[in-house]
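Single-structure report; data block below.
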Amino acid sequence: MSLLIKNIKELLQVRDSHISVVKGKDMKILPSIKNAYLLIDHDTIVDYGSMDDIQNLDADQVIDATGKMVLPTWCDSHTHIVYSGNREQEFVDRINGLSYEDIANRGGGILNSAEKLQNTSEEDLYQQSAKRLQKVIKLGTGAIEIKSGYGLTVDAELKMLRVIKRLKKEFPLKVRATLLAAHAIPKEYKNDKTAFVDLVINKMIPEVAKEQLANYIDVFCEKGYFDLEDTERILKAGKEHGLIPKIHVNQFNAFGGVGVGVKYEALSVDHLEEMNIEDIDVLKNSATMPVALPSCSYFLSIPYTPARQIIDAGLPLALATDYNPGSTPSGNMNFVISTACIKMKMTPEEAINAATINGAYAMGIGTMYGSITKGKKANLIITKEIPSYAFMPYAFGENHIDNVIINGQII
Ligand SMILES: [Zn+2]
């Protein structure tokens, strides 16, 4: 089964296979071919080039993309899409003046989601999550990382990870799973956080590793949640069980979490709304990807990750949604890209690099996803007719996607 896309106005993010990450000034460059074709065999990109050089290419199916752009699907490297119920009541409460703390005191927040999830069957949780996944694929996401963390008990965390495993099996897009047991401190452990960290280390991590339910280990490293010592203990235990660190840091406070992530060779450090010079310096000597989540800043009205400071220091940056019921009830990567350009002063080239090739790196799948490269998976977005790729972030809030192709199949 072969598919030829011809007369592509501009084929974006065309890269040699040895490029796995784009940093600093290079992020301003988005390699492309104008008036291009692209050939897919089964699920793989096998050829592309200028229409001027097209050989009599025979294909089972042909798409004429006149006036349209083709680019790799978004790689959303940070989500929490497996959850039960929504929290729009808290959203309304916040509009009416209640603080995050007031809401937490009334039983809201992560603990609210955890209680709901604990009382939801695995089947129901799967159905709710599958709907969301279906939606984000239509919005152009072709690879996604999904975290646990609304379970907070051994059974409920395992339930979440089994749901992620089933999503991985039932859906064509690439799915990576992360154990985020240390997302919040459960009520029962309110006065004994160490006992909960012990439970994560001694029970959850070994169990999850035994069942091979996760690729990554995550911690919400933040004041009032898990401190540097807790984070170190959990990352160390995760690594000993083959789980690669990928952590939440510097959302509200910068107190050294980035350094701990780098020390344990985290694949990514995510959030980074609050950054100091030490955090930038420590990242310079690492292979750790900084990840920004602008929809979260938008929704909570908190500062945006200082993308300019990070990129201008020569570092790479990835963009992801943080799709979750509390702080980002949206999995729309197109909105993320617009917001990164509008609010974080990233150029469209930087934002697209951050959401494709660097996003793939941040979820450890760069060899097969994130760019138009021979041999990589044919996961593609075909846009509607648009004047230029800068039009995508510019005309925000509008759907510019005509078709999404996953593993060579039109969705
Ligand atoms: Zn998150």
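Listing for the model above:
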quantity	calculated
Some residue of segment 290-304 being within 14 Å of the ligand (Cβ to nearest atom), more than 18 Å from the chain's Cα centre (by Cα) and crowded, with 18+ Cβ neighbours inside 10 Å	no
Condition broken by Asn353, with the remaining ones in (1) within 26 Å of His183 (Cα to Cα); (2) within 16 Å of the chain's Cα centre (by Cα) satisfied	(1)
Test: Glu278 is over 16 Å from Met27 (Cα atoms), among the charged types (D, E, K, R) and away from the ligand (no atom under 15 Å from the Cβ)	yes
Qualifying residue in segment 112-122 (condition: of a type in the set (A, V, I, L, M), within 24 Å of Phe335 (Cα to Cα) and surrounded by 17 or more Cβ atoms within 10 Å (Cβ to Cβ))	no
Matching residues in segment 307-353 - criterion: being farther than 22 Å from Gly140 by Cβ, in contact with an Asp or Glu (Cβ under 9 Å, 6 or more places away or on another chain) and surrounded by fewer than 19 Cβ atoms within 10 Å (Cβ to Cβ)	Ala313
Residue ID - least open to solvent (accessible area, probe 1.4 Å), chosen from residues in segment 3-45 that are modelled with pLDDT under 95 and polar (S, T, N, Q)	Ser20
Scan of segment 351-373 for residues that are touching a Ser or Thr at 6+ places or on another chain (Cβ under 7 Å) and either of a type in the set (Gly, Ala, Ser) or assigned to a loop (DSSP other than H, G, I, E, B) (or both), ordered by number	Thr356, Gly359, Ala362, Met363, Gly366, Gly370, Ser371, Thr373
Residues being among the hydrophobic types (A, V, I, L, M, F, W, C) and in contact with a strand residue (DSSP E or B) (Cβ under 7 Å, 6 or more places away or on another chain) - total across segment 153-176	5
Residue count, segment 175-227 (criterion: within 14 Å of the ligand (Cβ to nearest atom) and part of a loop (DSSP other than H, G, I, E, B))	4
Subset of segment 159-182 (residues that are within 18 Å of Ala209 (Cα to Cα) and either open to solvent by less than 10 Å² (accessible area, probe 1.4 Å) or at pLDDT below 95 (or both))	Met160, Leu161, Val163, Ile164, Val175, Ala177, Thr178, Leu179, Leu180, Ala181, Ala182
Meets criteria (out of contact with any Gly (no Cβ under 9 Å at 6 or more places or on another chain) and more than 16 Å from the ligand (Cβ to nearest atom)) for Gly256	yes
Residues satisfying the stated conditions in segment 261-287, i.e. β-branched (Val, Ile, Thr) and open to solvent by 10 Å² or more (accessible area, probe 1.4 Å)	Val262, Ile277, Val282
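The values are calculated or read from the model by the stated rules, or taken from the named source; none is laboratory data. Quick caveat, the model's predicted, so the values are computed rather than measured. Methodologically, a virtual Cβ is constructed for each residue, glycine included, from the backbone with ideal geometry; neighbour enumeration extends over all protein chains shown. For the accessible areas, the whole protein counts, side chains as well, though only heavy atoms, and no ligand, DNA or RNA atoms are used. Shrake-Rupley method; radii C 1.70, N 1.55, O 1.52, S 1.80 Å.
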